[in-house]
Amino acid sequence: MNIKKPKCIKEVVVSENKFVTVNMDILQFSNNSEGSHVKVSPKNNGGVVLFVKNQNGDIYLHSAYHYASDTIQVELIRGFRDFNEDSIISAKRELYEEISYNYEISIEPIFLGKIYPDTTILNSYANLYLIEIKSKDKLSKHKDELEPLENGKFYNIQELNKLIANGKITDGYTLSAYAILKAKNII
């Protein structure tokens, strides 16, 4: 491949808080023209996406509201890693916070690959993990009360395929994870 990367002439931070830095960098392209480009960089170490299977082989999904897109998405459990937290600890924490079942982990998190959800403006990735659990009784709500989540449930693979085919799942993390899982013959 002979892709000519633009050269960053100047990094310009336009906004910053304890979670992210937003840049509007000045770039020089291969034809010597200049332009700007937005880059959003989390200050943590990326995120995690969890493919959670129960003892019946069913897959856990929940509905979550996302402010940036103003949408409710049917999706796999996912979240950002906390500072100084390795991704396996983060995977277990996100599972604990977001699943609406009591459970016992039967197979520890297995790393399956990385997902880059938006390579145009987001300087971040998420590690995809498979976690197998023994699900127990359903909780009346998930444990993280700050997250705008609806209680989830387990779906068999045919139901998951139907949700995707009917446009009920449009979340990029979940669709990317599905492609990796399919390619690895896990689903």
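The figures follow:
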quantity	calculated
Rg(Cα)/(2.2 N^0.38 Å) for segment 1-120, N = residue count	1.39
Derived scalar couplings ³J(HN,Hα) [segment 96-101; Karplus, 6.51 cos²θ - 1.76 cosθ + 1.60; whole Hz; x for Gly, Pro]	4, 6, 10, 6, 9, 9
Karplus (6.51, -1.76, 1.60) ³J(HN,Hα), θ = phi - 60°, over segment 172-182, in Hz, Gly and Pro reported as x	x, 4, 5, 5, 5, 4, 4, 4, 5, 4, 5
Placed amide H near E85: partners under 5 Å, 5+ positions off or other chain	none
Proximal lysines to K10, defined as alpha-carbon separation beneath 21 angstrom and excluding residues fewer than eight positions away on the same chain	K39, K43
Under 19 Å from K184, Cα to Cα: lysines that are on another chain or at least 8 residues apart	K53, K114
Sorted by Cβ neighbour density within 10 Å, fewest at the top, the residues S90, S135	S135, S90
Sparse-neighbour loop sites [chymotrypsin sites (Phe, Trp or Tyr not before Pro); segment 1-107; at most 16 other C-beta within 10 Å; DSSP]	F19, F29, Y67, F83
Cβ-Cβ FRET estimate between N31 and T170, R0 fixed at 30 Å, reported to 0.05	0.25
Set of aspartates and glutamates near K153 by C-alpha distance (under 13 Å), chain-local residues within fewer than 8 positions excluded	D58, E75, E98, D137
Calculated [θ] (222 nm, deg cm²/dmol) that DSSP helices of n ≥ 4 give over the chain, each run adding -39,500 (n - 2.57)	-5500 deg cm²/dmol
Cleavage-rule hits, trypsin sites (Lys or Arg not before Pro), segment 9-59, DSSP coil, Cβ neighbours within 10 Å at most 11	K18
Positive-end residue, segment 11-90 charge dipole about Cα centroid, Cβ charges, pick of N56, Q73, N84	N56
Charge dipole magnitude, Cβ of K and R +1, D and E -1 - the chain, Cα centre, debye nearest 20	540
Least to most buried among L181, L163 (fewest other Cβ within 10 Å first)	L163, L181
Compactness of segment 123-175 as Cα Rg over 2.2 N^0.38 Å, two decimals	1.39
Selection of GluC sites (Glu not before Pro), segment 123-164, meeting DSSP coil and at most 16 other Cβ within 10 Å	E145
J(HN,Hα) series, segment 83-93, from Karplus relation 6.51 cos²θ - 1.76 cosθ + 1.60, nearest Hz, glycine and proline x	4, 6, 10, 6, 6, 5, 4, 4, 4, 5, 5
R81, R93 arranged by Cβ crowding within 10 Å, fewest neighbours leading	R93, R81
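Since every read-out is calculated from the coordinates, none of them should be taken as a lab result. Everything numeric in this text was worked out from a predicted model, so none of it was measured. Glycine also receives a Cβ, built like all others from the backbone with ideal geometry; neighbour counts cover every protein chain displayed.
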